[in-house]
Amino acid sequence: MRKHVKPSELLSPSRQKKNNGLPEGLAVNENRATPVDKITVPEGFQVELLYSVPGDTQGSWVNLGLDGKNRLIASDQFGPLYRFPAPAPGKPLDPADIEEIPAKIRAVNGMLWAFDSLYVGVNDYEDSSKSGLYRLTDSNGDDQLDRVQLLRHISARGDHGVHAVKLAPDGKSIFLICGNNAEPVLADVYRISNNWGEDHLLPRMPDGRGHNRHRLAPGGIIYKVSPDGNHWEVYSSGYRNIFDADFNADGELFTYDADMEYDFNTPWYRPTRVNHVVSGSDYGWRNGTGKWADWYADSLPASVDIGPGSPTGISFGYGAKFPAKYQKALFIQDWSWGKLYAVHLEPKGSSYTGEKENFLSGVPLPLTDLVIHLDDGAMYFTIGGRRVQSGLYRVTYTGDEDTSPVFAGTDGQRARALRRSLESYHGRMGNEAIPLAWDHLDHDDPFIRNAARAALESQPPSKWSDRAFREKRHGHKIQSLLALTRVWGTDPFHREESDPPVNPAQRDRILTALAEIDYGTLSERNRQALVRTYHVALNRFGRPEDDLVSKIVNQLDPHFPARTQESNRLLCEALVYLQAPSAARKTIGLLNAAITQEEQMEYARSLRMLRNGWDKALRTEYFEWFLKAANYRGGASFIQFMTRIRADAVATLSEREKIDLAEILTRKPEAKSPLEAATATLAGRTTSTNWTVDALSGVSDRMRGRDFERGRKMFAATACFSCHRFNNEGGANGPDLTSSGHRYAPRDLLDQIINPSKEINEQFVPVQVTELDGRTHHGIIVNLSRDTIRINTDLANPDQRIGLDRKQIKSISPSPVSPMPPGLLNLLEKEEIFDLVAYILSGGNPEDERFKD
């Protein structure tokens with residue numbers, strides 16, 4: 001059970017006068033952080049506001065740590081470090097107990113006490129030459145950190161720079177967390193091949209608004225560093241903006257990576273997510289539209305997808321005097337949405353999966369960092385950043401559940417031990433590396449497959465390349481040829497003058513070996529791995545001669561379209577790149593049949609590079625799609641992405657084609673709202689039923705043998721995809737519905753759909769903002785910056801945002817009305833509704849035993 005409390009009702013300090021005629025409870029003191037009675041916590045937990053940070057003298061705190069005497073240390077985003085003891089139970093922090101640490105350092109974004117030193121990651125926003133990894137020590141034994149030693153300069157800019165520092169489980173090394181705007185440093189060991197690649201077969205587009213348009217692989221990096229700072233290893237890469245990380249009781253590292261909100265409602269959008277940081281991993285962040293799918297053969301899936309947000313501090317609950325499940329939870333903070341989640345992880349093979357729980361939230365509550373204090377067993381957290389009002393809080397448990405320390409280790413030791421044995425050869429040669437890796441190249445566990453391939457890539461290719469070509473087992477052959485491609489080939493975006501030219505013999509040998517594999521006999525996973533290997537090889541080596549092109553087309557074309565979206569995406573790109581004669585006809589068919597705008601955009605993006613196989617009718621269908629898609633909505637770069645796709649498509653037309661298609665090219669789209677565009681397939685229906693839960697009372701007994709394809713179509717037709725994420729498709733401004741089957745019975749789900757305001761999901765509670773002039777706004781607070789609060793006022797259009805001046809706000813209160821409109825089922829028939837419910841509750845899996853006939 002949760003305590004549901006109202007969101008904060010913020011007032012500018014200049015308007016915060018007691019009994020000034022405002023509703024009771026609104027008056028607060030100047031420079032006061034969000035009051036605790038405006039924060040939601042689970043039943044039995046208590047939150048204390050210990051200190052409201054005076055911004056003019058102590059800045060805005062973004063990082064928390066503990067020193068060797070368990071005193072708390074906080075850092076100002078643009079200023080120095082402050083040290084103070086944890087206040088006594090029930091007592092606030094006495095400002096007199098706060099001392100500025102004398103070390104001449106600022107902008108600390110991560111800190112670790114280890115080896116009688118405070119290691120800090122500095123991300124200096126004003127002077128990138130000051131960013132890097134530092135070690136602070138006491139020079140004369142007076143209990144003051146005054147000596148500053150630069151261990152490694154790391155050039156960084158903006159928010160995506162040098163961040164957290166963590167101690168390895170064995171206590172022998174430290175891990176440094178860096179975002180994608182921290183320049184990669186020259187390392188002593190690369191646990192993942194440093195032959196970096198964007199590895200896009202078709203040209204990708206940089207962000208439409210120019211964000212990070214010149215940033216290339218490897219993206220954000222996690223380094224393993226010796227205590228003296230002399231030995232550096234690249235441990236894992238492919239992140240966007242990771243701020244923090246923590247080890248679990250099994251000795252496994254986890255981080256919380258950022259999404260790119262400009263990408264909302266596109267096929268390349270990836271929600272914020274918890275990633276299991278394993279040696280030799282590339283989590284696939286690439287520039288603009290180029291983010292890798294997490295099912296690519298050379299990438300890895302997230303442990304938990306969270307949703308939209310801005311990840312900041314994370315920590316396991318070890319040492320907290322909390323109930324058992326919270327001691328074992330991974331706590332992660334979201335700055336922009338003001339959420340502190342408890343992620344409950346469970347072993348899955350050699351990795352983990354899990355579920356999130358909304359543990360603590362407030363509006364606004366720009367969370368920045370947290371620590372578990374081992375002396376009192378409390379959680380301490382800060383809010384602040386970007387010069388907004390900062391504060392220090394404490395969370396304790398006062399309920400009746402047992403808070404005795406629990407064993408936090410998990411099952412899965414055997415699988416993890418196998419993965420680690422493979423990881424021991426990452427960046428290191430060994431006689432046993434090749435046979436050990438080879439045995440596991442086609443393992444069912446993607447983390448073991450990745451570890452095996454990375455181990456193989458660390459060995460001299462002269463010792464295993466011939467074996468790759470001789471290999472008879474298709475899965476092993478594909479993975480070994482992918483490894484060889486990543487070692488031999490050079491991505492054109494990373495090619496330097498000193499690199500040797502493309503070797504046609506190596507290219508043709510790899511492509512010929514791939515073309516000899518019988519596609520039809522492969523598992524779905526290996527089919528995707530085969531085509532992904534073609535993508536990487538063709539990108540790195542270039543297009544082969546026509547006879548080999550024909551051989552590849554003849555291998556792949558009979559299997560396109562495929563049964564899955566993932567295979568269709570890969571096959572479409574490959575066949576468009578090869579200019580296959582049937583690619584236009586088959587892909588236009590898929591484009592017309594696709595239900596979601598994300599899937600449609602994926603095909604349209606590939607088709608923009610196709611010059612062969614068109615006729616006027618197919619071209620007309622293609623450009624008619626752009627007229628329909630003109631009403632689609634997404635993040636801030638969505639319109640620019642769509643404009644670029646269409647411009648590239650027009651550029652493939654001959655002058656004759658431009659004349660023949662003049663009418664469709666100049667036709668203006670019919671303007672529709674996002675909701676009208678999403679529900680267009682129901683526009684011709686005239687019978688409307690005001691469905692009630694009672695009228696559909698038989699739903700629980702009608703869940704077996706449902707039509708899942710029709711259920712998916714109804715999910716799209718009722719605009720669910722506009723706001724809700726489902727199986728990595730759809731919007732991000734509403735709850736992810738993929739795991740609804742774990743939370744709802746059929747009748748309960750129907751009640752949520754028919755009566756959306758009856759109980760609003762706590763992660764997406766809308767607010768009502770009233771300005772001093774009486775104007776009101778409804779929506780979700782999505783960002784803060786100094787005195788500006790940004791609100792999304794239309795969840796079907798993620799870019800529909802307004803900025804409000806906090807000084808002009810009279811109140812912020814919870815809205816009793818859900819942003820989800822009622823009546824979405826009114827044009828559906830009863831059997832269609834039952835199909836929709838079964839589709840949602842099954843997670844889109846027709847093999848779910850609960851729904852089989």
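The values are calculated or read from the model by the stated rules, or taken from the named source; none is laboratory data. None of these values were measured; they are calculated from a predicted model. A quick note on method: Cβ atoms are made from the backbone with ideal geometry, for glycine too, and the neighbour counts reach across all protein chains shown. For the accessible areas, the whole protein counts, side chains as well, though only heavy atoms, and no ligand, DNA or RNA atoms are used. Shrake-Rupley method; radii C 1.70, N 1.55, O 1.52, S 1.80 Å.
Note: relative contact order over segment 589-682, using C-alpha pairs below 8 Å and six or more positions apart, is 37 percent.
Quick note on segment 590-743: its Rg to Rh ratio, both from C-alpha atoms and Rh being the Kirkwood radius, is 1.05.
Quick one: ranking S279, S498, S785 by accessible area, 1.4 Å probe, largest first, what do you get?
Heavy-atom accessible area, descending, gives S498, S785, S279.
Take the Cα of Q768, step 7 Å toward its Cβ, do the same at D508, and the gap between the two points is 7.4 nm.
Solvent-accessible area assigned to carbon and sulfur over segment 410-450 amounts to 49 percent, based on a 1.4 Å probe.
Here the sum of -39500 (n - 2.57) over DSSP H runs of 4 or more residues, divided by the residues of the chain, equals -7500 deg cm²/dmol at 222 nm, to the nearest 500. Work out the P(r) tail for segment 345-464: percent of alpha carbon pairs separated by more than 16 Å, whole number. Of all Cα-Cα distances in segment 345-464, 73 percent exceed 16 Å. Here the Karplus relation 6.51 cos²θ - 1.76 cosθ + 1.60, evaluated at θ = phi - 60°, turns the backbone of segment 667-683 into coupling constants of 5, 8, x, 7, 6, 9, 6, x, 5, 5, 5, 5, 9, 4, 5, 9, 4 Hz, with x for every Gly and Pro.
Ordering A258, H276, A217 by Cα displacement along the dipole of segment 211-282 toward the positive end leaves A217 in first place; charges were set at the Cβ atoms of Lys, Arg (+1) and Asp, Glu (-1).
Which peptide among 550-557, 684-691, 477-484 comes first, and what is the full order, when sorted by highest mean count of other Cβ atoms within 10 Å?
Top to bottom by mean Cβ count within 10 Å: 477-484, 550-557, 684-691.
Send over the semi-axes of segment 612-698's equivalent ellipsoid, whole angstrom and largest first, taken as the square roots of 5 times the C-alpha gyration tensor eigenvalues. Each semi-axis is the square root of five times an eigenvalue, giving 36, 16, 11 Å. Rounded to the nearest 20 debye, the dipole size of segment 153-237 about its Cα centre is 220 debye, using +1 on the Cβ of Lys and Arg and -1 on the Cβ of Asp and Glu. Structural descriptor for segment 502-622: relative contact order 22 percent, calculated from alpha carbon pairs under 8 angstrom and at least 6 residues apart. If the chain linking T564 and D127 were pulled fully straight, counting 0.36 nm for each residue of separation and taking away their Cα-Cα distance, it would gain 152.4 nm. For segment 762-818, the fraction of C-alpha pairs more than 12 angstrom apart is 63%. With a cut-off of 17 Å on the backbone N, no residue of segment 724-740 is near the modelled label site 7 Å out from I639 along Cα-Cβ. Convex hull volume of the C-alpha atoms in segment 407-462, normalised per residue: 85 Å³. Here the contact order of segment 701-798, divided by its residue count and restricted to Cα pairs under 8 Å and six or more residues apart, works out to 18 percent. Extending 7 Å from the Cα toward the beta-carbon at both D499 and D228 defines two label points whose distance is 3.6 nm.
Calculation over all alpha carbon pairs of the chain in 10 angstrom steps from 0 returns a P(r) of 2, 12, 21, 25, 21, 13, 5, 1, 0 percent.
Whole-percent P(r), segment 231-302, all Cα pairs, 10 Å bins from 0: 19, 52, 24, 5, 0.
By accessible area, using a 1.4 Å probe on protein heavy atoms only, segment 186-228 has 47% of its surface on carbon and sulfur.
Taking only protein heavy atoms and a 1.4 Å probe, the accessible area of segment 512-608 is 46% carbon and sulfur. Rolling a 1.4 Å probe over the heavy atoms of the protein chains gives the chain an accessible area of 39 Å² per residue.
All Cα-Cα separations within segment 510-621 were binned at 5 Å from zero, giving a P(r) of 2, 12, 25, 25, 19, 11, 5, 1, each value a whole percent of the pairs.
Cross-link pairs exceeding 24 Å in C-alpha to C-alpha distance, out of K291/K672; K130/K166; K758/K807; K172/K463; K356/K810, comprise K291/K672; K758/K807; K172/K463; K356/K810.
Once both labels are positioned 7 Å from their Cα atoms along Cα-to-Cβ, the gap between R32 and K325 label points is 3.4 nm. Segment Q800..S700, full-extension length gain: 32.2 nm, with 0.36 nm per residue of separation and the alpha-carbon distance subtracted.
If R0 is 22 Å, the Cβ-Cβ spacing of F115 and R420 corresponds to a FRET efficiency of close to 0.35. Per the Cα gyration tensor, segment 396-496 maps to an equivalent ellipsoid with semi-axes of 38, 17, 13 Å, ordered largest to smallest. Within segment 665-684, whose backbone N sits under 20 Å from a point 7 Å along Cα→Cβ of V817? Only 673-676 pass the distance filter. Starting from the Cα-Cα distance between A745 and D546, subtract it from 0.36 nm times their residue separation and give me the gain in nm to one decimal. The span from A745 to D546 would gain 66.0 nm if fully extended.
The solvent-accessible area of K616, taken with every protein chain present and a 1.4 Å probe, is close to 120 Å². Over all distinct Cα-Cα pairs of segment 133-251, the Kirkwood formula returns a hydrodynamic radius of 16.0 Å.
One equal scatterer on each Cα of segment 377-448, no solvent, Debye formula: the resulting log10 I(q)/I(0) at q = 0.13, 0.16, 0.27 Å⁻¹ is -0.70, -0.73, -1.27.
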